[in-house]
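The values are calculated or read from the model by the stated rules, or taken from the named source; none is laboratory data. Here the structure is a predicted model, which is why all the values come from computation and not from measurement. FYI the Cβ positions are ideal-geometry reconstructions off the backbone, even for glycines, and counts take in every protein chain you see.
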């Protein structure tokens, strides 16, 4: 699914969103490394690892990674999982994950186009909501999500499990 869109700015930029493929693994790894605004982010994910993860994601019927391009250059990524559960009588819902815009391209409206695309995917799948979680330290991202229309809904709790 490719979706071209334009954003308003002094310099006209064309935004395209498309599903990522295994051939995009290096690009995804590079973008994900910019998630926490830490140039030396400690990550062991490489292109081979990303391809393996994408193959596992492909086992789910509606779990995909996407790339966002500005004038043909990859500047962002997100993943979305669409699923149903026993709540809300099995109505579909979506989880947005691994949302990143390259540091150099933040604040240019690209993220809004990206989220519009994610909402369109969820809406076309019949989802009643789309949720995301974000690390507490990502205050700029939280402001962006809130300005876009996301609201805190409940509380997210997690526990680390031993690797097995």
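Summary of values
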item: Residue among 48, 37 that alone is surrounded by fewer than 15 Cβ atoms within 10 Å (Cβ to Cβ), in contact with a helix residue (DSSP H, G or I) (Cβ under 7 Å, 6 or more places away or on another chain) and either closer than 20 Å to residue 133 by Cβ or at pLDDT 95 or above (or both); result: 37
item: Residue 164, sole failed condition from (1) part of a loop (DSSP other than H, G, I, E, B); (2) within 24 Å of residue 51 (Cα to Cα); (3) modelled with pLDDT of 95 or more; result: (3)
item: Matching residues in the range 1-25 - criterion: being over 19 Å from residue 107 (Cα atoms), surrounded by 14 or more Cβ atoms within 10 Å (Cβ to Cβ) and modelled with pLDDT of 95 or more; result: 18, 20, 24, 25
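Here is a yes/no grid of residues against (1) surrounded by fewer than 17 Cβ atoms within 10 Å (Cβ to Cβ); (2) free of Cβ contacts under 8 Å to residues at least 12 places away in the same chain; (3) not in a strand (DSSP E or B):
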site	(1), (2), (3)
95	no, no, no
99	no, no, no
108	no, no, yes
118	no, no, yes
122	no, no, yes
126	yes, no, yes
131	yes, no, no
135	yes, no, yes
141	no, no, yes
